[in-house]
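Trainee: Before we start, here is the structure in question, set down as structure tokens.
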Amino acid sequence: MTIAVVLATHGQAAKALLATAEMIIGEQDNVCCIDFMPGENGEVLAEKIRQALPSLDTSQGLLLLVDLWGGTPFHASSKIAEEVASAEVLTGVNVPMLVSVLMGRDDEDDLSSLCQTALSEAADGIKGVRTQALAKAAAAPVQNAEVVEVDFDENDPEIQRLRHEASQQANEGPHMSFGLWRIDDRLIHGQVATRWTKETGISRIIVVNDSIVADKTRSSMLKQAAPPGVTAHVVGVDKMMRVYNNPDYAQERVMLLFTNPSDALELVRRGVKIDSINIGGMAYKEGRVMLDMSVSVDEKDIEAFKELDSKGIELEVRKVASDKKVPVLELIAQKYRP
């Protein structure tokens, strides 16, 4: 079993923090939330924690995460920590700390080591965009360009030439290996930067989209959003093919991120081999059909998905790796009415 976690905060912040973390990394076990409400005191709060402990497995240890040093949740949790064989109290809980704790429990059963990771992640997660290396790009008067899909015209001789040349090179190898192809117009965000990078064991994230390449501010933001130990790049389809065919990257394990299925399909048409594509998020716009709470499609998307499916590629909808795979074509059959 994992190290048990108790979240104790003023008001109902504990539940909100856990809900946010689970939105990023999926549902969690061996965790409970304790609210400290107006009219209660430290004894009442300590008793609420005691009553919650039987629902947890504390055999590997107990970590109590509280908001403020010196606050009532801190004092109540400290009292509980004295009553439990292996327990620690950490203050200043924030989303990066909580996510690192909940994920770190899968690999770490030493309470002290987990606490060190939590404190480091909590501090590293506090940054100011304009005070980091990104400041110049963020402050520059550049308008964010709308993400526009490139039209790979079937009748364009140049597109046909590029496909032919790239396909020949792609058959020569060696090539990078892929930990994940994901269609998610949020690109590098919480679920990707925490859960998916760990689950897939990748060393690079490559965002593939021509219009984002032209948006210097967004490109810079995405590169800065990569988690520690992972390098992020933003490239267009043509450059992605050059990278794929470059033997210098043959030892790399890479995640590709797309905003739409058409860009993924174009790489497949040019000879890139892939067995499965994950669909994590395609935001709703007028003219699109909602397949579930996070994925919407239009006719162009559907045609791209159908062609990818015809090539034997698995197309599955999941927000995080622990979710059940749902075939996107099944959702389209259920929800789309032309």
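The values are calculated or read from the model by the stated rules, or taken from the named source; none is laboratory data. From a predicted model like this one, the values you see are computed outputs, not experimental measurements. Note that each Cβ is placed from the backbone with ideal geometry, even for glycine, and that neighbours are counted across all protein chains shown. Ligands, DNA and RNA are stripped out before the accessible areas are found, and what is left, the full protein with its side chains, is counted by its heavy atoms. Shrake-Rupley method; radii C 1.70, N 1.55, O 1.52, S 1.80 Å.
Trainee: How large is the dipole of the chain about the Cα centre if only Lys and Arg carry +1 and Asp and Glu carry -1, each at its Cβ, rounded to the nearest 20 debye?
Mentor: For this selection, approximately 560 debye.
Trainee: With r defined as the distance between the Cβ atoms of M23 and N246 and R0 fixed at 45 Å, what FRET efficiency is calculated, to the nearest 0.05?
Mentor: The pair M23/N246 has a calculated efficiency of 0.75.
Trainee: May I pose another question? So for the chain, taking the charge dipole from beta-carbon charges (+1 Lys/Arg, -1 Asp/Glu), which of L256, Y336, V93 sits furthest toward the positive end?
Mentor: L256
Trainee: Let me ask something additional. Using a 1.4 angstrom probe on the protein heavy atoms only, could you order H10, H75 from most to least accessible area?
Mentor: Correct descending sequence by accessible area is H75, H10.
Trainee: Quick check on packing: order 321-327, 278-284 by the mean number of other C-beta atoms within 10 Å, highest mean leading.
Mentor: 278-284, 321-327
Trainee: In Å³ and rounded to a whole number, note down the convex hull volume per residue for the Cα atoms of the chain.
Mentor: 173
Trainee: Putting +1 on Lys and Arg Cβ atoms and -1 on Asp and Glu Cβ atoms, find which of G39, V237, N171 reaches farthest to the positive end of the dipole of the chain.
Mentor: Of the listed residues, the answer is V237.
Trainee: Right, another one. Between N155 and S86, what length in nm is gained on full extension when 0.36 nm per residue of separation is reduced by their alpha carbon distance?
Mentor: Difference between extended and current length: 18.0 nm.
Trainee: What Kirkwood Rh does the range 4-124 have if only Cα atoms enter the pairwise 1/r average? Answer in Å.
Mentor: Computed over the range 4-124, the radius equals 14.1 Å.
Trainee: If you don't mind, there's one more thing I want to ask. For K311 and H10, what is the calculated FRET efficiency with R₀ set at 51 Å and r taken between the beta-carbons, to the nearest 0.05?
Mentor: Result of the calculation: an efficiency of 0.40.
Trainee: Roll a 1.4 angstrom probe over the protein heavy atoms and tell me the percent of accessible area of the chain that is carbon or sulfur.
Mentor: Percent of accessible area from carbon and sulfur atoms in the chain: 50.
Trainee: How large, in Å, is the range 34-88 by the Kirkwood hydrodynamic radius built from its alpha-carbon pairs?
Mentor: 11.5
Trainee: Give the cross-link partners of K325 among the aspartates and glutamates, using a straight C-alpha distance below 14 Å as the criterion and excluding same-chain residues fewer than 8 apart.
Mentor: Within the straight-line cut-off, K325 pairs with D292, E314, E316.
Trainee: Given the range 173-335 reduced to its alpha-carbon atoms as identical point scatterers, what log10 I(q)/I(0) does the Debye formula return at q = 0.10, 0.11, 0.16 Å⁻¹?
Mentor: Results for the range 173-335 at q = 0.10, 0.11, 0.16 Å⁻¹ read -0.34, -0.41, -0.91.
Trainee: Using 19 Å as the Cα-Cα cut-off, could you pick out the over-long pairs in K239/K311; K306/K335; K48/K79?
Mentor: Result: K239/K311 exceed 19 Å.
Trainee: Still on this model: Suppose R0 equals 30 Å. What FRET efficiency, 1/(1 + (r/R0)^6) with r the Cβ-Cβ distance, do A52 and A333 give to the nearest 0.05?
Mentor: 0.10
Trainee: Consider just the alpha-carbon atoms of the range 235-295 and return their Rg together with their Dmax, both in angstrom.
Mentor: Reported Rg and Dmax, both Å: 14.1, 43.
Trainee: With a ≥ b ≥ c taken as the square roots of the eigenvalues of the C-alpha gyration tensor of the range 276-338, please select rounded if a/c is under 1.5 and otherwise prolate if a/b is larger than b/c or oblate if it is not?
Mentor: Because a/c hits 1.5 or more and a/b fails to exceed b/c, the range 276-338 counts as oblate.
Trainee: Here is a further query. How charged is the neighbourhood of D184? Take every other residue with its Cβ under 14 Å from the Cβ of D184, and add Lys/Arg as +1 and Asp/Glu as -1.
Mentor: That sum, taken over residues with Cβ under 14 Å, equals -1.
Trainee: Then there is this: Taking 0.36 nm per intervening residue step and subtracting the Cα-Cα distance, what contour gain separates S120 from A283 on full extension?
Mentor: The S120-A283 span can extend by a further 55.3 nm.
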